[in-house]
Amino acid sequence: MHACLGSSVIALFNGNTDDKYRASESIAVILPLFPEKELCSDAKMINLLRERLLFISAGYSSDGPSGPTIDTKSFMLGAFVHDALYEMLR
């Protein structure tokens with residue numbers, strides 16, 4: 001998995017959602033997936049292109065890492081990719 005993730009994640013403290021983090025800039029990740037067609041989320045915040053590029057728009061929010069992990073920068077990319085792909089499944 002190749003990714004572009006600079007300072008893309010900032011804390012989000014909003015009492016109206018379970019999400020704790022928001023992408024302050026877009027995230028692009030090359031995945032080992034080969035979709036037959038381009039996929040786009042209902043809110044148009046997530047795109048999975050036929051070229052295997054997962055594009056997460058700035059402003060997308062995530063609840064951060066879950067399970068036996070802690071909220072550190074090294075886990076944030078995985079958390080955003082996981083949440084984005086899971087949202088595409090719904």
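Any residue at all in region 34-43 that is over 15 Å from S24 (Cα atoms), among the charged types (D, E, K, R), out of contact with any strand residue (DSSP E or B) (no Cβ under 8 Å at 6 or more places or on another chain) and at pLDDT 90 or above?
Yes, the conditions are met somewhere in region 34-43.
Considering only region 47-74, state which residues are within 19 Å of D18 (Cα to Cα) and of a type in the set (A, V, I, L, M, F, W, C).
Scanning region 47-74 gives I56, A58, I70.
The values are calculated or read from the model by the stated rules, or taken from the named source; none is laboratory data. Keep in mind that what you see is a predicted model, and the values were worked out from it rather than measured. Positions of Cβ are generated from backbone atoms using ideal geometry, with glycine treated the same way; all protein chains shown enter the neighbour counts.
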